[in-house]
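Below you'll find the structure, written out as structure tokens, and then a few comments.
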Amino acid sequence: MKTVDVYKKQKIFSRTILYIVLICVSAFFLMPIYVLLVTSLKSFKDVDLATMWSLPKSLNLGSFLAALEKLSPNLLNSFYLTIPATIISAFIGSINGYLLSKWKFSGSMVLFPLILFGMFIPYQSILIPLVQFLSLIHLYGTLYGLILTHIVYGLPITTLIFRNYFAEVPSELIEASMLDGCSIFSTFFRIFLPVSIPGFVVVIIWQFTNIWNEFLFAVTITSDPSLQPITVALRNLAGSQIVEWNVQMAGALLAALPTLIIYIILGRFFIQGLLAGSVKA
Amino acid sequence: MFHFKKESRIAFLSLLPTVIAVFIFVYGFILWTLRVSFSDWIGVMPNYTFAGFSNYSDIFKSERFQIDLWNTLFFTILFLFTCVIGGLLLAIFLDRKLRGGSIFRNIFLFPMAVSFVVTGVAWRWIFNPGMPGSLNGINQLLSNIGLSCLTWGWFTQSNHFMNFHVALISLIIAAAWQLTGYTMAMYLAGLTAIPVEMKEAARMDGASEFQMYRNVILPMLQPITLSVLIILVHISLKIFDLVYTMTGPGPGFATDVPGINMFETTFGGNRYGEGAAISIVMFILVAVVIIPYLINTMKRENI
């Protein structure tokens, strides 16, 4: 009996230590959000570097209104950019994934890694030609150019996720469908598309988050401030010294909000995308 | 897998648009950049006059690019070390099925959903050191809780030891904050896949918790460690947004990285040839890590 007691006490002790450690680590992880939140809720006259860690005296939404006024065109740009780029790259990726997982043709085993490689390259190494090419087809400096860019460089990851997803769908279904006289594509639309909803959720969340948060393509391709997505506008806002700190922090929160909401609601699917991004199924 | 002749041709043709797009945008553009890196292109108008290796010798001779390479080396090592150890420990903690474990998991992982630009803005303010006598940000917090011995210049410090610029520490903390959750999620997925019987068998054999992790669990997590390292290395080699928002090149290029150098040289300085050369060096560094990994993964899959 005594040993059981000791064991229990030890367990409670180690659990307590574990909780203390986890809470300390959590405090560290939440620190930037805390700073963003308390600063953006202060009014400009309360924003003082000497009191940056203290809570606001009163809740003040003025900085959010000011940030919204400055950044709402850019938030809209980000939606105009992210939604079509996400949907198109997800749809093309689903067809690619189906073809690569279920239809072998000579060379498909070589083509897949060649496509996949595109998601690992440092985008700096294609930036100069990208600008030249987009100028050539008159899409440089436009949201369409940015959408095209995100679709093409999104294809490797969307293809990968769908390929791994469809690999789990039994191949007998295809045989049956082909015997019924279905073509390769009617099989896709009749059998694969209906079961691919969870795959689409993962891919759409992944692409939405990445394209919304992306900065390098956006800052290179859109030079006109009225066309810039939110990440670029936020960086410019933070780079200018005249703008009040509370407005900058409110702007940062606004920029983070759409992807944070998705993460909070659909975190499970976000994690699946995260794990799928490391090549192995 | 199916081998109908007609269908195979349709499959190939349907894949063709993607293949063409990726071949132009990835392989074509890289060759194009390679061509630019051997050119005299300075200024806004393209100029493809062949210039041999002059851009490469120029960048390797420049102090800035040398600092970039050292910074990348130290940043990569310390960033990887922090993420792997931190992520592994967190995963082991959370694998013990604690009450409220999923809340902790969500807290550790949420930075992955937020843009580097957003976190760069926040961390820039946190690590803003302030003046002696009027401390800001993290320094103020540290001195308030009695740790004023830890207050220092953070990313404004330009000194270095053996080519390690101490200002990088702030960047490493911010980058590890953002990506430790990813490592944790990967390890957690690996730990959940290990059958409970295995842990129990080890415990029955009298292994302590530490021994069990050391001798049973960790060896099984090795493939995950490899994936994690590859993904983190390639993120670290091409990092741009976070550094650009948080510190920029820093005092004396203390926090400069090739990604920023390339961007400023090309689009700020209009020295396209040199910018292309920097990006080709970045490409080679990433390719050396990624290509063997991809070949290896594909081989294992096809067995």
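The values are calculated or read from the model by the stated rules, or taken from the named source; none is laboratory data. All figures in this text were calculated on a predicted structure; none of them were measured in a lab. Reconstructed Cβ throughout: ideal geometry from the backbone, glycine too, with neighbour counts over all protein chains shown.
Selection of segment A:131-140 for residues being within 13 Å of another protein chain (Cβ to nearest Cβ) and surrounded by fewer than 17 Cβ atoms within 10 Å (Cβ to Cβ) yields A:Gln132, A:Ser135, A:Leu136, A:Ile137. When the residues of segment B:149-174 are filtered to those that are without any contact (Cβ under 8 Å) to a residue 24 or more places away in the chain and more than 22 Å from B:Leu69 (Cβ to Cβ), the one that is farthest from the other protein chains (Cβ to nearest Cβ) is B:Cys149.
Please work out if B:Gly137 is under 30 Å from A:Ser54 (Cβ atoms) and small (Gly, Ala, Ser).
Details: under 30 Å from A:Ser54 (Cβ atoms): yes; small (Gly, Ala, Ser): yes.
For B:Gly137, the condition - under 30 Å from A:Ser54 (Cβ atoms) and small (Gly, Ala, Ser) - is met.
For segment A:1-27, filtered to residues that are among the hydroxyl-bearing types (Ser, Thr, Tyr) and over 26 Å from the mean Cα position of the chain (by Cα), the residue that is farthest from the other protein chains (Cβ to nearest Cβ) is A:Thr3. Counting the residues of segment B:24-38 that are among the small types (Gly, Ala, Ser) and either touching a Lys or Arg at 6+ places or on another chain (Cβ under 6 Å) or buried (at least 21 other Cβ atoms within 10 Å of the Cβ) (or both) gives 1.
Looking at segment B:71-81, can you tell me whether even one residue there is touching an Asp or Glu at 6+ places or on another chain (Cβ under 8 Å) and either closer than 28 Å to B:Leu237 by Cβ or crowded, with 18+ Cβ neighbours inside 10 Å (or both)?
Our first condition is that a residue be touching an Asp or Glu at 6+ places or on another chain (Cβ under 8 Å); within segment B:71-81, this holds for B:71.
Next, only the ones that are either closer than 28 Å to B:Leu237 by Cβ or crowded, with 18+ Cβ neighbours inside 10 Å (or both) stay: B:71.
Yes: one or more hits.
Determine whether segment A:164-175 contains at least one residue that is modelled with pLDDT of 95 or more and within 8 Å of chain B (Cβ to nearest Cβ). For segment A:164-175, residues modelled with pLDDT of 95 or more and within 8 Å of chain B (Cβ to nearest Cβ): absent. Filtered by the rule that a residue be outside any helix (DSSP H, G or I), over 21 Å from the mean Cα position of the chain (by Cα) and within 26 Å of B:Ile231 (Cβ to Cβ), segment B:250-303 gives a lone residue, B:Ile303. Meeting the requirement of 2 or more residues that are among the aromatic types (Phe, Trp, Tyr) and crowded, with 19+ Cβ neighbours inside 10 Å, the helices (runs of 4 or more DSSP H) wholly within segment B:154-227 are B:168-193. Determine whether A:Lys70 is over 22 Å from the mean Cα position of the chain (by Cα), over 20 Å from A:Ser196 (Cα atoms) and surrounded by 23 or more Cβ atoms within 10 Å (Cβ to Cβ). So A:Lys70 does not fit the description; no. Among the residues examined, A:Tyr144 qualifies as closer than 21 Å to A:Phe91 by Cα, surrounded by fewer than 20 Cβ atoms within 10 Å (Cβ to Cβ), assigned by TED's automatic domain parsing to the domain that holds A:Ile95 and at pLDDT 95 or above.
If you go through segment B:25-34 one residue at a time, do you hit one that is farther than 29 Å from A:Pro156 by Cβ and either modelled with pLDDT of 95 or more or assigned to a helix (DSSP H, G or I) (or both)? First the steps, then the outcome.
Taking segment B:25-34 as the starting set, the residues that turn out to be farther than 29 Å from A:Pro156 by Cβ are none.
No, segment B:25-34 has no match at all.
Among residues of segment A:28-77 being of a type in the set (Ser, Thr, Tyr) and part of a helix (DSSP H, G or I), the one that is farthest from the other protein chains (Cβ to nearest Cβ) is A:Ser72. Every condition in (1) in a loop (DSSP other than H, G, I, E, B); (2) of a type outside the set (A, V, I, L, M); (3) within 14 Å of chain A (Cβ to nearest Cβ) holds for B:Gly146 except the one numbered (3). Looking across segment B:91-100, just one residue is modelled with pLDDT under 90 and within 27 Å of the chain's Cα centre (by Cα), and that is B:Asp95. Go through segment B:1-23 and report how many residues are surrounded by 15 or more Cβ atoms within 10 Å (Cβ to Cβ) and either among the charged types (D, E, K, R) or more than 7 Å from chain A (Cβ to nearest Cβ) (or both). So the answer is 2. From the list A:Phe117, A:Phe105, A:Phe112, which one is out of contact with any Phe, Trp or Tyr (no Cβ under 6 Å at 6 or more places or on another chain), within 12 Å of chain B (Cβ to nearest Cβ) and under 20 Å from B:Glu7 (Cβ atoms)? Answer to the selection: A:Phe112.
The set of residues in segment B:252-291 that are of a type in the set (S, T, N, Q) and more than 8 Å from chain A (Cβ to nearest Cβ) comprises B:Thr255, B:Asn261, B:Thr265, B:Asn270. Of all the listed residues (B:Leu80, B:Leu89, B:Leu109, B:Leu141), the sole one being in contact (Cβ under 8 Å) with a residue 24 or more places away in the chain and within 14 Å of chain A (Cβ to nearest Cβ) is B:Leu109. When A:Ser72 is tested against the conditions (1) touching a residue at least 12 places away in the same chain (Cβ under 8 Å); (2) within 28 Å of A:Leu146 (Cβ to Cβ); (3) among the polar types (S, T, N, Q), the lone failure is (1).
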